[in-house]
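Colleague: Below are the C-alpha cells for one structure; questions will follow.
The values are calculated or read from the model by the stated rules, or taken from the named source; none is laboratory data. Since the structure is predicted, the reported quantities are computational estimates derived from the model, not experimental observations. Don't worry about glycine lacking a Cβ; one is built from the backbone with ideal geometry, like all the others, and counts go over all protein chains shown. The area values use the complete protein model at the heavy-atom level, side chains included, leaving out ligands, DNA and RNA. Shrake-Rupley method; radii C 1.70, N 1.55, O 1.52, S 1.80 Å.
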Amino acid sequence: VQLQACGGGLVQAGGYLRLSCEASGRTFSVYSPGWFRQAPGKEREFLAAISYRDGRRFYADSVKGRFTISRDNAKITSFLEINSLKPEDTAVYYCAASPFAREFDVERRYDYWGQGTLVTVSS
C-alpha cells in the first residue's frame, strides 16, 4: 500500500482543515487507516483511527471533539478534519495503514506510512 497525504498548509487559529490520504496498491479496505502528527521537538503522537472491521472510530483524548476521521465508501481515501485549529496543532501530519483492528495508538501496528503533510497554525 502506498499512501499519499495532502491538505496541509498555513491556517489561522480558529480555522478548519481537511487532510486527505489516498491509498494505492493493495486493497486498502482491509487496513485500518490512522493519523498521527509530530510537532517540532516532540515525539510522534496518535490522533485517530478507524477499525477496518466495524468502522468504529478511535481518538486520542487530546483531540476528541475537534478532530474527525472518516474514509470514503470506496475505502481508498481517509480524511482527517480539524476544527478550531490552535497554534499547538502545528505539526507534520502522517497517515498510516494498519492490518490490525486494535491497538490503534501503537505505531508498530502500522505497516504503511504516508510522507506527511505540514500544518502550520498562526496565532
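Colleague: State the extension gain, in nm to one decimal, for the chain segment bounded by residue 45 and residue 120, taking 0.36 nm per residue of separation less the distance between their alpha-carbons.
Modeller: 25.3 nm
Colleague: Can I ask one more? Step through the residues of the stretch 67-80 one at a time and calculate ³J(HN,Hα) from phi using the Karplus curve (6.51 cos²θ - 1.76 cosθ + 1.60, θ = phi - 60°), rounding each to whole Hz and writing x for Gly and Pro.
Modeller: For the stretch 67-80, the Karplus curve yields 9, 9, 9, 8, 9, 6, 4, 6, 6, 9, 10, 10, 10, 10 Hz.
Colleague: If the only charges are +1 at each Lys and Arg Cβ and -1 at each Asp and Glu Cβ, what is the size of the charge dipole of the chain around the Cα centre, to the nearest 20 debye?
Modeller: 220 debye
Colleague: What lysines sit close enough to residue 86 to cross-link, taking a C-alpha to C-alpha distance under 29 Å and skipping anything fewer than 8 places away on the same chain?
Modeller: 42, 64
Colleague: Tell me which of 101, 65, 115 sits at the most positive position along the dipole axis of the chain, charges placed on C-beta atoms (Lys, Arg +1; Asp, Glu -1).
Modeller: The Cα lying farthest towards the positive end belongs to 101.
Colleague: Sticking with this structure for a sec: Report the accessible area of residue 120, computed with a 1.4 Å probe over the heavy atoms of all protein chains in place, in Å² rounded to the nearest 10.
Modeller: Rounded to the nearest 10, that gives 50 Å².
Colleague: Also: Skip the ligands, DNA and RNA, and give the accessible area per residue of the stretch 6-123 with a 1.4 Å probe, whole Å².
Modeller: Normalised by residue count, the accessible surface of the stretch 6-123 is 52 Å².
Colleague: Report the rotationally averaged projected area of the chain based on its alpha-carbon convex hull, in square nanometres.
Modeller: 6.7 nm²
Colleague: Also: Can you work out the FRET efficiency for the pair residue 29 and residue 84, with r the C-beta to C-beta distance and R0 = 41 Å, to the nearest 0.05?
Modeller: Calculated value: 0.85.
Colleague: Between 106, 63, 92, which gets the highest mean-square fluctuation from a Gaussian network model of the chain, Cα cutoff 10 Å?
Modeller: 106
Colleague: Tell me, what % of the accessible area of the chain is carbon and sulfur with a 1.4 angstrom probe?
Modeller: 45 percent
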